[in-house]
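Structure first, commentary second.
The values are calculated or read from the model by the stated rules, or taken from the named source; none is laboratory data. Fair warning: this is a prediction, and the values are worked out from it, not measured in the lab. Ideal geometry is used to build each Cβ from the backbone, glycine not excepted, and the neighbour counts take in all protein chains shown. When the accessible area is computed, the model is the full protein with side chains, heavy atoms only, and any ligands, DNA or RNA have been set aside. Shrake-Rupley method; radii C 1.70, N 1.55, O 1.52, S 1.80 Å.
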Amino acid sequence: PTEDFIIYTRTVNGPREKNEGLYQILNPEDRQPGWRNRGQIMKYDFATGISSPLTHRYKGVSASNVTDDGSKMLFMVYDQDFVKRPSSLASLYLLDLTTMKAECLVEKEGFMKGAVISPDGTKVALTASPEAFGGVGKNLPDGMVPNMYDSQLYVMDIASREITPLTRDFDPSVNDMRWSRADGCIYFSADDRDRKSLFRANPVNGKVESLGVPEDYVMRYSLAANAPVVAYAGQSSDNSVRLYSLDTRKLKHTVRDDLNPVRTAGLRISPTHDWSFRTSRGDTVHARYNLPIDYVEGKKYPVIVYYYGGCNPVQRLLETTYNPQLFASHGFVSMVINPSGAAGFGQEFAARHVATAGEGVADDIIEGVKQFTAEHSFVDADKIGCCGASYGGFMTQY
């Protein structure tokens, strides 16, 4: 972070005497190798070549970032409590790298995910679910429990400890974030329905805006240290990876490298078509489909329906597992549904997944397939298969 030193985390084995009680009973070392491993935050000094530990090694820790002047570091410490929800707890600390005194900013918050300190060291950007910090970011009807996978963006004033939600009325689910030195805004990626795009938030006025990324899925991005420039790589459902630079003042995107011609050479791509339907519960569920490569008008085709059916939407990627293009190349209509319960469609939509054990999600999938079959004459209604992984595997069995 500075010209003088770097901060890094190394993996160490936590001392046995520090891991006792229920945690040891549930996770005996001989049954789950590596569960005693912990992170230890280190500081490497360029002038002396010496690495010094900044934290103890008996709890899980992660370093966030360092202020511009190199005087303070933000880090998180993790605890577990398996007898109640949530079982994972995080505490946020601000460490003075000169005095080595640590100040706890947030203690054992069960719904906090990430933190980044502002360049001037006065504020902290936080990602957390709607239940965090006393529910200040919650935007749901009474009686509904938020989906923990639905992430919101918050800002804490360090002096007052006041926490302000920035995305309470913002449907996309926030992923990782960066605080720009160039314009003072917080840049972040977010699941926006079945796309993953880039946004920025002004911590002063609370304004959140899209950066207008032309690709469906942003794989990674980076901010220039002191210039209004973002570099990012992304792909879409019908093309492979492209590298871009973005002028954040003019919101101008420039392609710097295009790997699509190389990675798709010799492949036939079936265009992706959008489709949506209204469920019996009144939700709008979004889906998409690809026709067989050698599609013939008037012919009926078997269908493979794929879904996650859980907390995360099935994103638009050309290079992915359970690939729609692969199914299409073998003569199938490939259909992807993002039923209720997925983050990125708003808090209420995501919350429909909580404590349902698949019941409402399965209804969405079945209703969607029936409506899709009724509306598209190319579907062979007697030849429909389904598949999914993780929660989607459970939905397939269900």
Exercise. Test N139 against the stated conditions and say whether it is closer than 15 Å to G110 by Cα and part of a loop (DSSP other than H, G, I, E, B).
Key: no
Quiz prompt | Candidates I365, I337 - the one that is in contact with a strand residue (DSSP E or B) (Cβ under 9 Å, 6 or more places away or on another chain), open to solvent by 10 Å² or more (accessible area, probe 1.4 Å) and either without any contact (Cβ under 8 Å) to a residue 40 or more places away in the chain or under 25 Å from K300 (Cα atoms) (or both) | solution = I365
Quiz item: When the stretch 73-89 is examined, which residues are found to be of a type in the set (V, I, T) and either within 22 Å of I117 (Cα to Cα) or surrounded by 16 or more Cβ atoms within 10 Å (Cβ to Cβ) (or both)?
Solution: V77
Practice problem: For residues that are surrounded by 14 or more Cβ atoms within 10 Å (Cβ to Cβ), farther than 23 Å from Q235 by Cα and charged (D, E, K, R), tally how many sit in the stretch 201-221. | Solution: 0
Quiz item: Just wondering, is there one or more residues in the stretch 90-105 that are open to solvent by 80 Å² or more (accessible area, probe 1.4 Å), under 23 Å from A128 (Cα atoms) and assigned to a loop (DSSP other than H, G, I, E, B)?
Solution: no
Exercise. Spot the failing condition for D382; the list is (1) open to solvent by 10 Å² or more (accessible area, probe 1.4 Å); (2) under 29 Å from S197 (Cβ atoms), and only one is missed.
Key: (2)
Quiz item: Mind checking which residues of the stretch 112-145 are open to solvent by 20 Å² or more (accessible area, probe 1.4 Å) and under 14 Å from the mean Cα position of the chain (by Cα)?
Solution: K113
Quiz item: Got a number for residues in the stretch 106-136 being part of a strand (DSSP E or B) and either farther than 25 Å from T55 by Cβ or of a type in the set (D, E, K, R) (or both)?
Solution: 5
Quiz item: If you go through the stretch 369-395 one residue at a time, how many are under 33 Å from the mean Cα position of the chain (by Cα), under 18 Å from K299 (Cβ atoms) and in a helix (DSSP H, G or I)?
Solution: 2
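With respect to K138, determine if the residue is at pLDDT 95 or above and either in contact with a helix residue (DSSP H, G or I) (Cβ under 7 Å, 6 or more places away or on another chain) or not aliphatic (A, V, I, L, M) (or both).
Here the answer is yes, as K138 does meet what is asked.
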Quiz item: Taking A342, is it buried (at least 23 other Cβ atoms within 10 Å of the Cβ), touching a Pro at 6+ places or on another chain (Cβ under 6 Å) and assigned to a loop (DSSP other than H, G, I, E, B)?
Solution: yes
Quiz item: Just checking, which of M156, M148 is crowded, with 16+ Cβ neighbours inside 10 Å and within 16 Å of the chain's Cα centre (by Cα)?
Solution: M148
Quiz prompt | Every pair of residues 6+ apart whose Cβ atoms lie under 7 Å, when the first sits in the stretch 82-107 and is closer than 19 Å to D45 by Cβ while the second is open to solvent by 20 Å² or more (accessible area, probe 1.4 Å) and part of a strand (DSSP E or B) | solution = L95/K72; L95/A102; D96/K72; L97/K72
Quiz prompt | Failed item in (1) within 22 Å of Q235 (Cβ to Cβ); (2) of a type in the set (S, T, Y); (3) at pLDDT below 95, with Y391 passing the rest | solution = (1)
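Name the one entry in Y232, Y217, Y244 that is in contact (Cβ under 8 Å) with a residue 40 or more places away in the chain and touching a Ser or Thr at 6+ places or on another chain (Cβ under 9 Å).
Working: Y232 fails: in contact (Cβ under 8 Å) with a residue 40 or more places away in the chain; Y244 fails: in contact (Cβ under 8 Å) with a residue 40 or more places away in the chain.
Only one candidate qualifies: Y217.
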Quiz item: For Y187, which of the numbered conditions (1) in a loop (DSSP other than H, G, I, E, B); (2) touching a residue at least 40 places away in the same chain (Cβ under 8 Å) fails to hold?
Solution: (1)
Exercise. Under 7 Å between Cβ atoms, at least 6 apart or on separate chains: pull out the pairs that start in the stretch 262-290 with a residue that is exposed (fewer than 11 other Cβ atoms within 10 Å of the Cβ) and end on any residue that is β-branched (V, I, T) and modelled with pLDDT of 95 or more.
Key: R268/I293
Quiz item: Can L105 be described as at pLDDT 95 or above, over 18 Å from V155 (Cβ atoms) and among the hydrophobic types (A, V, I, L, M, F, W, C)?
Solution: no
Quiz prompt | Selected residue [among the acidic types (D, E), open to solvent by 30 Å² or more (accessible area, probe 1.4 Å) and closer than 26 Å to N260 by Cβ] from D183, D176 | solution = D176
